[in-house]
Every structure is written in C-alpha cells, then in structure tokens.
Amino acid sequence: MSDSKRPSWAASGVVDAPPKEVWKALVGFLKDSGMGEVTVNEAERRVSLQGDWWYRGEHIVKEHDGGSLIQYQVYNIASGATRWMVPLVAPSNGKLRDGFQELLRGLGQSLRAGARYRGK
C-alpha cells in the first residue's frame, strides 16, 4: 500500500439489476453507512468513500450482460510521513474481500436480484 494513484486492492462483482437501480442503491447504502465522507460523480457512476486518515474506496457501476458490474478499488491516501503505517492498521485483503462480498449481498437483497463476487 504505497502509491495513492494506484489501488492497493481491487475487486469486482456483478448484480443482476440495471445500472441505474444498482447505482442508486449503492450511493444510498454508502451515504447511510456513516463510515466516512461520500463523494458522488453521477456522470461516471463513481462513488468514493473516504474515511480514517488513510482510506479511500472507489466504486464504479458499469453496464454488464443485462446487469451491472461494480468495480471496487481501495487507495492508500496517507501522507508520506504516515504512509508506512498503513499496512499495520489497514484490514487484510481477506477482510476487504469479505466486506465487498457483504455489500454485494446487501445490494442483491435490496434489489431482489442475484449478486456475485468476481474477484480481481
């Protein structure tokens, strides 16, 4: 986790619902989560969640085979003086994966649609 311009972790998943519906549900979930500051870019269907001193997660919703592809990327945004500490406090790749899979399940349930993790 060193370069704030490249993701330190990334994965994707599919929700079997139209991108417009998935986008709306995703933005609502992240805004209601209370986990940090949410920035929305509707034109790109990109929503960013920034929390703690090191974390920025970006979700992008794209059309995919009659449903929606969600790309999730995690960035280390810590300043140079504290950047080295991030691996000591950041969740493991397994915890990031588990959290993203839980998000996909929640979106699928709220939209009454299938949802599946695709990995990196």
Which of the three applies to the chain, rounded, prolate or oblate, going by the alpha-carbon gyration tensor with a ≥ b ≥ c and a/c under 1.5 meaning rounded? prolate
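Counting other C-beta atoms within 10 Å, which of S12, S68, S92 has the fewest, and how do the rest follow?
Numbers: S12 19, S68 27, S92 10.
Sorted ascending by nearby Cβ count, the order is S92, S12, S68.
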Local net charge near K95, Cβ-Cβ under 15 Å (Lys/Arg +1, Asp/Glu -1): -2
In degrees rounded to 10, the 0-90 angle between helix 19-33 Cα long axis and the longest Cα principal axis of the chain is 40 degrees
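Nothing charged except the Cβ atoms of Lys and Arg (+1) and of Asp and Glu (-1): what's the magnitude of the dipole of the range 9-115 about its Cα centre? Round to the nearest 20 debye.
Dipole size: approximately 100 debye.
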Which of the chymotrypsin sites (Phe, Trp or Tyr not before Pro) found in the range 34-119 are in a DSSP loop and have at most 12 neighbouring Cβ atoms, other than their own, within 10 Å? W53
Residue-ordered couplings for the range 74-90, obtained by feeding phi - 60° into the Karplus form 6.51 cos²θ - 1.76 cosθ + 1.60 and rounding to whole Hz (Gly and Pro as x), are 10, 10, 8, 10, 4, 5, x, 5, 10, 4, 5, 7, 4, x, 7, 10, 6
Sequence of I60, I70, I77 once ranked by neighbouring C-beta atoms within 10 Å, starting from the fewest: I77, I60, I70
0 to 90° range, to nearest 10: angle between helix 93-111 axis and the chain longest Cα axis: 30 degrees
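Just flag the GluC sites (Glu not before Pro) in the range 15-120 sitting in loop per DSSP whose Cβ has no more than 13 other Cβ atoms within 10 Å.
Values: sites: E21, E37, E42, E44, E58, E63, E102; in loops: E42, E44.
Listed in order of number, the matching sites are E42, E44.
FYI, it's all coordinate maths here, none of it is from the lab. Here the structure is a predicted model, which is why all the values come from computation and not from measurement. All Cβ positions, glycine included, derive from the backbone under ideal geometry; neighbour counts span all protein chains shown.
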